[in-house]
Amino acid sequence: MQSLAACSPLQHSRLTIGRIMLLVVVACIPGISMATWFFGYGLIINIGLAICVALALEAAILTIRQKNVRLHLADNSALVTAVLFGIAIPPGCPWWIVVIGIFFAIVVAKHIYGGLGQNPFNPAMCGYLLLLLSFPLEMASWYLPSGSLLEQQSFNPLSWSGLQQSMLLSMPFLAVDSISMHASIDGLAMATPLAEFNMAGKSALLAAQESGLSIFARTSGTGWELVNIGYLLGGLFLLYRRIISWHIPLSLIVTVGLLAMFFYAPGSSAAYGTPYLHLFGSATMIGAFFIATDPVSAATTNKGKIVYGIVIGCAIYAIRVWGSYLDSIALAVLFGNFCAPALDHFCRPRIYGHGRSKELGS
Amino acid sequence: MSNLEYQANQGASLWQNNPVLVQLLGLSPVLAVSNTVVNGLGLGVATAIVFILSCVTASLARKYISYTWRFVWYLLIMASYTTILEFLMRAYYFPLYQELGIYVPLICCNFAILIRMEIQSSMLNWKLTARDSALVAAGFLLAIVLLATLREFVATGSVLNDWQLLLATPWLPEVNQSATTGSVIFSFANLQPAALILLGLIVAAKNMLDSRFGFGSTAEKETVKPVTRARVTGSL
């Protein structure tokens, strides 16, 4: 192997892969804590279970592949996969769903392709999509925070948090009596408000809103905006620490926002949802900052990253509005992963001293 | 013995030269129809019949087939047998025919058959051709049934559902003439990507068996000669 020609003022970067991955997990914390507050601690259970299974599987596979288990476990990539996967699947879903999804993510999508750095697709999203295709019912059972289900007039500060959800989760036998559910509806199947807007039909949703549901209220207690702002803060933290570059998130968010503005028809049916809904009532933020920026499967050149973000943004909007899946981050990101090698091929940076032959005068 | 003839003699084997697991030929029916064992078995047997008959016919008629237009002739032979088989299936196995759909007519586009006809039929007499094509067709059948068994078990938890479709219509009880829609546990296994992943895993397992336990050792191992430069200009 050729030795690298480096010149003297050398500085050791302390950013190892393990540290980068750990920072990504840390950056997820605001969003996760927001989601836990509003939707109950099912999310934490998911993430914890996913982490345990992922680390165990990773260690097992590394042993089978005769790698240094301790060294490769310390790169924390399985941890990030598990956290992103745990966020993506609905809280309170059966444990075996988590295990199957993580197995697919770690074993098939990552290690069969050759381990960290070789996987062409984002492992967490592969696992999520497997579950989405296999168990559509379980994957669609998201619960609203109970606050948004109550009538507007019977306001109860506790109910705006996920506390009721948590208690329901841990003590299901108490569900009906001691924690009284005021509303006649006790849950709506949704991943994000956006999905409900698209799928369950505009009429059903309008009826629900008329009867006092506040799913889209800007000051809402539903918490989707705050969850997204939490992920936005985490993403800005990653940008600040230069873990990710601005190209992919910015181009993705701008694309989704512009498309939503372009197709939003205020006054008429407004069927496609407002740009605000698309950016903050959905999983756009976590997708833009945490999922699309996966350094292994994303495009690597700067120009390529911008095009990559645009491709994913278009795919997100198109699948959301004209497709039939819940939220489209996973599909769109996998589509972007398909395009990434081609983008890298066509968006090569100019090598110093090469190209621009006319300017060089040769 | 020419190279082609050697291939024709030695290459036909269930294990070392399996059309699906080694040559990766004819994958579109394999991936699409291997969702249940009954489908896999039906299409596998149909393909095997067309396979053997076409190869033997091409071998018998090889003196009359012009070399330039041989692929046209091969395709015509395959298409005729496929058409006959399709009509027979419509007559006697109509529910199964409906299950298989477009993939019965598509047997005549199976490249595993075409490449085999090209290799052996122009070289061998019809007896050897029949033996070889039967071996290769059995390899195809075994591979598709193996894939289908695994997929059906993962998807529904049972194997050989709707086996009554494999009975010809006169013996088929009238009640069960259509395929039942069984409860699907893991529906991803019913989709084609799962078939592709599973096929990859089976090929990997086969390669591992070959390399670790030497199942492939009877095959002639060609030692790769190091490339020698004809002319070296200067040092590298």
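The values are calculated or read from the model by the stated rules, or taken from the named source; none is laboratory data. Note that the structure is a prediction, hence the values are computed from the model and not measured. Don't worry about glycine lacking a Cβ; one is built from the backbone with ideal geometry, like all the others, and counts go over all protein chains shown. SASA here: full protein model, heavy atoms, side chains in, ligands and nucleic acids out. Shrake-Rupley method; radii C 1.70, N 1.55, O 1.52, S 1.80 Å.
General remarks:
- Excluding ligands, DNA and RNA and using a 1.4 Å probe, chains A and B jointly bury around 600 Å² of accessible surface, summed across both partners.
- Distance violations [Cα-Cα > 25 Å] among A:LYS67/B:LYS206; B:LYS127/B:LYS206; A:LYS67/A:LYS305: B:LYS127/B:LYS206; A:LYS67/A:LYS305
- The coefficient of translational diffusion for segment B:27-211, derived via Stokes-Einstein from the alpha carbon Kirkwood radius under 37 °C and 0.692 mPa s, stands at 189 µm²/s.
- Potential lengthening between A:CYS339 and A:LEU137 on full extension [0.36 nm per residue; Cα-Cα distance subtracted]: 69.7 nm
- Residues B:GLN98 and A:ALA59, FRET efficiency given R0 of 45 Å [Cβ-Cβ distance, rounded to 0.05]: 0.40
- Computed over protein heavy atoms with a 1.4 Å probe, the accessible surface of segment A:11-93 works out to 48 Å² per residue.
- Which of B:THR83, A:THR255 is most accessible, then next, and so on - probe 1.4 Å: B:THR83, A:THR255
- Evaluated at q = 0.13, 0.19 Å⁻¹, the base-10 log of the normalised Debye intensity for segment A:42-118, with identical point scatterers placed on the Cα atoms, takes the values -0.34, -0.70.
- Alpha-carbon Rg/Rh ratio, for segment B:19-60, with Rh computed the Kirkwood way: 1.04
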